[in-house]
Protein chains: 2
Amino acid sequence: MATERVASWAVNLSYASLPPEVVQAAVSSFYNWVGCALGGASHPTTTIACEALTPFFGKPTSTLLGHKGARTDASHAALLNGIASHVHDYDDTHLATIIHPTGPVASALLAQSEALGGVNGKDFILAFVAGIEAECKLGLGVWPKHYDIGWHITSTVGSIGAAVAVGKLMRLERTPMQHAISIAATQVTGLREMFGTDTKSFHVGRAAQNGLMAAVLAARGYTGSLQAIEAPRGWARVVSTSNDVDAQVASLGREWEIARNAFKPFPCGIVVHPVIDGCIQLHREMAKGGVTAADIQRVHVRVHPLVLELTGKKTPQDGLQAKFSVYHGGAIGLVLGKAGPAQYEDSVVLSAEILNVRDKISATADETLGADETEITVDLSNGTTLTRHVRHAIGSVEVPMTTAQLEDKFIDQVSLVLGAEGALRASKACWALQGSESVGELAKGI
Amino acid sequence: MATERVASWAVNLSYASLPPEVVQAAVSSFYNWVGCALGGASHPTTTIACEALTPFFGKPTSTLLGHKGARTDASHAALLNGIASHVHDYDDTHLATIIHPTGPVASALLAQSEALGGVNGKDFILAFVAGIEAECKLGLGVWPKHYDIGWHITSTVGSIGAAVAVGKLMRLERTPMQHAISIAATQVTGLREMFGTDTKSFHVGRAAQNGLMAAVLAARGYTGSLQAIEAPRGWARVVSTSNDVDAQVASLGREWEIARNAFKPFPCGIVVHPVIDGCIQLHREMAKGGVTAADIQRVHVRVHPLVLELTGKKTPQDGLQAKFSVYHGGAIGLVLGKAGPAQYEDSVVLSAEILNVRDKISATADETLGADETEITVDLSNGTTLTRHVRHAIGSVEVPMTTAQLEDKFIDQVSLVLGAEGALRASKACWALQGSESVGELAKGI
C-alpha cells in the first residue's frame, strides 16, 4: 500500500495544487541549500572527494557549485554538491525527525535538471516538493526507532526522496515510480557511527546519487519490489521497529512537511543551538557593559539530556569534532559573538582564547527543559553573575529565521566563494527560482 | 577491534602466505565469475542498466565483459559486470552464509585493475583473496539474523569485501584501510524483498561500486569511523542481532573461507539444486527406458523446509520468478534433462511442455532432510514409480563441481557470446590468471 500510495500521490501532484506557503518553503529551502553548497564547496571533505573521483567523471552536464563553473556528470554533481551542502552541518532540519531534507533531494534534482535541460522553476519546485514530502513522511513513519538503532535518517530516507523528486522530474508513471522508490529504498546508506568524520556528509551526497540512479533505472523499466516499503521484509520493517508508515503516508498533501522545515542559524548539530543562541546574546550584553571574555570565571549551562548525549564532546580536536561539542558552541558564542563556518575552523577550535573559555563551561542535563531550551549562568571576575533563559532557540518553529537572517547567512557563505557582488547576484537568482525559465541557466549563473 | 583487525590482516597479507588450495580456489572463483559475467551480459537486467546509465559514463578505462570490447569508467564497469555476473543466479556460494562472494569483489577489482594498469595475476589474486576473506568472515559474524531480518547478505558484506580488495590492490596502509572498510560499511545495500526483480542483481553491482568508491576515497585520506564494524552503533549491531564478529575475524588466515566457495551447477537459488539434480538423473533414467515427459502422471518431492520458504513459487510468470520456483526447477530437470540459463528463458518458463509437468509436481517440507538433500517420486502412466534420493546435491561441499564441469559451464555460457573458439581462448586465459603479467590485457582479450 505505502509504496503505491507515495508513488501515486507524487505522480498526480500538480503545481496548481501547491499552497503558496509550500511554494515559499520550497524556494527558501532551495535558497538555503545553494548557500550551504557554495559555502561547503572548498571544504576538504568536498575537495578530497572531488579529487579522488575525478578519474570517474563523465560528460560534464551538471554544475559543481562553487567550483568556478566546473561541471561533471549528473551523478557526480549530485554527490559532490550533496557533500558540500551538508559538510558544515549548516543546512536545514525537519524538526520532527531531525532529517536534513533538502540535501539529498536538491542535489539530485539540480544535477539531473541540468542534464535533461528544459526544466523551468515550477517543474523544479514541483518535483522538489514531491521528493521532500515523500522523504519526510517515510522518515516520520520509521521514527524514532530507526534513528535510535543507529541509522542516519537524513540519507536513508534521503535516497527515497531523491528518487521521487527525480522520478517526478522525469514524469514517471505510477508503476515506474514504485520501482524507483524500491531501487532507492534498497540502498540503505548511512550509519550514525560516522558522525564526526568525512563520511557523515558523504551520506547526503550518496543518498542523492542513490535516488538519481534509482529514478534513471526505473525510467527505463528496471524493476524492484512494488511493495518495497511495506512488505513483511520490506524497508520499513528491516530498518526500524517503529512503524507508522501507513498513517504518515495517508497524510500526504494534507499536512505539508516542507512547511515545517527550519533553517540552521549555526553550522552544527541543532541541539547545540539554544546554548549558542544564549551565549551570543550574553556576548552582546557583556560587550555593552565593557566586559570581555577574560572576565569570565565560570559558565554553567542547563540543557535537555539529548544535548549531552549527542554533543557532549569536551575537548574537540578539530572543526568536525567541534560540531559535536556544546562546550565549543558556548565558547564561540561568548567569546566571538558569532557561530558561522569560520568559527568552526580547526584554528579557531584550537585557539587559546576559545580553549580558555571552553574549559570553564560545565553542563547539566535537565529533563524538564525542551530540546530547544537552555538556561545559562556566567560568573564574572567582578563577582556579578549574568543569566539567560532561551525558551526557543533561533531556527526553531517558534522563532524561525527571518528572510533577512536567511539572506545574511547566504551572503556570508557565498561572498567567500563568489565575492560580494557575485553573492548578491546569486541570491537574487535563487530567490527568483519560481519564475526561472531554465534551472540549468540559473545553476550556470551561480 | 574488528575493523582494525580486518584491516591489518588484509594489509599484511602476502602472496607467499597463501596456501596452494587458496590460490586454486581464487583462480576457480575468478574463472567461474568471468563465465557468469559473460553469460549475463546480454540479459535485459544488464542491458537496461547499461543503456540507462550511458549518459553518466566516464573515461573508458575498464572492460564491460561481453560487450564486444566496449569499455567505460571503472565504477560503471564494476556495476555492470557485477549485475551481469549475478543475473542468472548462476555464480558461486559460500555455503555457510549463502553469500555469493565473487561478484562484488571481482567486479570492483577487475575494473580498478584495468583503470590503474600494471596489475599482474598475483597482485590480483592477493587482493581478491583479501576481499573474499573479509567479506565472508564479516558475513559469518552477523549470520544468521542479518539474513533473517531481510538483508541480502551478498551485497551488504560484498561492499566491504570489495573495499578491502580494492584497498589491497591500491596498497592502502592500515588506517586508510580501516576508513575504506568504514565507508563501505555505511552503504548497506540490499533488501531480500527485491528477490525476483532486476534489483537483486543490481545489489551485486552496486556493492562493487560501493566498495570501489570507499577504497578510492580512503586512499586520498577520506575518513570514516575507525570502529565502523564493532562500535556500539556500528555496522554489526545496526544490521544484525547475532554478533560473532570478533571470533570470526580472529580466524582470518587460519581458516580460509574461499576454500569453502562452491560453484553453482544451475542458475537459480541453491536450495533448488537437489531437486534439479535428482530430476536430471531421473530424466536420464527415463530416457534409457524410453519413457518421456508425456508419461509422467504425478511427481512428489520431499525437501528441506527452507526450499519451500524461499522457492515455493507455484506459477512463475517469467525467468526471474522461475529461479524461485522448485516446481519449475523440477520440471526442466525431468523434461529437458538440463538446467542452464536457456532453461530459464521466459519462453521456456511459459511453454506448454514445461507447464504440463510443472503443475503435476507437489512438494512437502521435511525437517529431517538436509538443505542439499531431496527424495523424489515420479508416478508414470504405465503404473510404475521411479524414485531418487539425492543425499548431497551437485555443487555442495561433499559433491563439488569438477574442473571439467566448471569448464563445461564456462564454455556453455561464453560460446553464446564469443563463439566456440573465443570461448576456448577465454577459458585458457582465465585459467592462466596466476601467471598473467597484466590482468588488464587479460580482460581486454576476453
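The values are calculated or read from the model by the stated rules, or taken from the named source; none is laboratory data. It should be emphasised that the depicted structure is a prediction, and the values quoted were computed from it without experimental measurement. Glycine also receives a Cβ, built like all others from the backbone with ideal geometry; neighbour counts cover every protein chain displayed. Accessible surface areas use protein heavy atoms only, side chains included; no ligands, DNA or RNA. Shrake-Rupley method; radii C 1.70, N 1.55, O 1.52, S 1.80 Å.
Comparing B:VAL307, B:THR368, B:ILE280 along the charge dipole axis of the stretch B:270-390, the residue lying farthest to the positive side is B:ILE280, per the Cβ-charge model. Rolled with a 1.4 Å probe across the full set of protein chains, the surface gives B:LEU116 an accessible area near 90 Å². Each peptide among B:266-275, B:299-308, B:184-193, B:419-428 gets the average number of other Cβ atoms lying within 10 Å of its residues, and from highest to lowest they stand as B:184-193, B:266-275, B:299-308, B:419-428.
Ranked from shortest, the separations from the 7 Å Cα-to-Cβ label point of A:TYR15 to its equivalents in the other copies are 6.2 nm.
Pairs with C-alpha atoms separated by more than 27 Å, drawn from the list A:LYS68/A:LYS168; A:LYS428/B:LYS59; A:LYS68/B:LYS59, are A:LYS68/A:LYS168; A:LYS428/B:LYS59.
Residues B:SER325, A:SER415, ordered by accessible area of protein heavy atoms at a 1.4 angstrom probe radius and largest first, appear as A:SER415, B:SER325. Peptide A:148-157 has a mean of 2 when you count, residue by residue, the C-beta atoms of other protein chains within 10 Å of its C-beta. Helix content alone sets the calculated 222 nm mean residue ellipticity of chain A: runs of n ≥ 4 DSSP H residues at -39500 (n - 2.57) each, divided across all residues, give -17000 deg cm²/dmol. Taking all Cα pairs closer than 8 Å and separated by 6 or more residues, the relative contact order of the stretch B:270-390 comes to 39 percent. With a cut-off of 11 Å between beta carbons, the residues surrounding A:PHE266 carry a summed charge of +2, where Lys and Arg count +1 and Asp and Glu -1. The C-alpha radius of gyration of the stretch A:116-211, expressed as a fraction of 2.2 N^0.38 Å, stands at 1.10. Count Lys and Arg as plus one, Asp and Glu as minus one, and take only other residues whose Cβ is under 15 Å from that of A:VAL414; the net charge is then -1. Considering only beta bridges that DSSP places wholly inside the stretch B:270-390, some 75 percent are antiparallel. The dipole here belongs to the stretch A:270-390: it is taken about the Cα centre, uses +1 on the Cβ of Lys and Arg and -1 on the Cβ of Asp and Glu, and is about 220 debye. Along its three principal directions, the equivalent ellipsoid of chain A from the Cα gyration tensor extends over semi-axes of 37, 24, 19 Å, largest first. A:MET286 exposes around 10 Å² of accessible area when a 1.4 Å probe is run over every protein chain in place. Computed over protein heavy atoms with a 1.4 angstrom probe, the accessible surface ordering of B:LYS313, A:LYS59, B:LYS137, largest first, is A:LYS59, B:LYS313, B:LYS137.
A cut-off under 12 angstrom between Cβ atoms defines the neighbours of B:PRO44, and their net charge, with Lys, Arg +1 and Asp, Glu -1, is -4.
If you average the C-alpha positions of the stretch A:189-249 and of the stretch B:230-274 separately, how far apart do those two centres end up, in angstrom? After rounding, the separation between the Cα centres reads 24 Å. Going through the cross-link list B:LYS137/B:LYS409; B:LYS200/B:LYS264; B:LYS264/B:LYS338; B:LYS313/B:LYS409; B:LYS200/B:LYS313, which pairs have a Cα-Cα distance over 19 Å in this structure? Among B:LYS137/B:LYS409; B:LYS200/B:LYS264; B:LYS264/B:LYS338; B:LYS313/B:LYS409; B:LYS200/B:LYS313, the Cα-Cα distance tops 19 Å for B:LYS137/B:LYS409; B:LYS313/B:LYS409.
Is the C-alpha gyration tensor of the stretch A:183-242 telling us rounded, prolate or oblate? Criteria: a/c under 1.5 is rounded; beyond that, a/b larger than b/c is prolate, otherwise oblate. Oblate shape, in that a/c is at least 1.5 and b/c is the bigger or equal ratio. Calculation over all alpha carbon pairs of the stretch B:323-446 in 5 angstrom steps from 0 returns a P(r) of 2, 8, 14, 15, 16, 14, 11, 8, 6, 4, 1, 0, 0 percent. Each peptide among A:127-135, A:277-285 gets the average number of other Cβ atoms lying within 10 Å of its residues, and from highest to lowest they stand as A:127-135, A:277-285.
Pair-distance distribution P(r) for the stretch B:1-131, from all Cα-Cα distances in 10 Å bins starting at 0: 13, 40, 33, 13, 1 percent. Would you mind classifying the stretch B:270-390 by shape? Square roots of the alpha carbon gyration tensor eigenvalues, ordered a ≥ b ≥ c; an a/c under 1.5 is rounded, otherwise it is prolate if a/b is larger than b/c and oblate if not. It is oblate, given that a/c is not under 1.5 and a/b is not larger than b/c. Look at the stretch A:207-218: the mean tally of other chain Cβ atoms within 10 Å of its residues' Cβ atoms is 3. Rounded to the nearest 20, the size of the Cβ-charge dipole of chain A about its Cα centre is 600 debye, with Lys and Arg at +1 and Asp and Glu at -1.
Taking every residue in B:38-48 and counting other chain Cβ atoms within 10 Å of its Cβ, the average works out to 1.
Peptide packing for A:13-26, A:83-96 was compared via the average number of neighbouring C-beta atoms within 10 Å per residue; ordered from the highest value, the list is A:83-96, A:13-26. Within the protein assembly as shown, all pairs of alpha-carbon atoms sorted by distance into 20 Å bins from zero give the percentages 16, 45, 29, 9, 1, 0.
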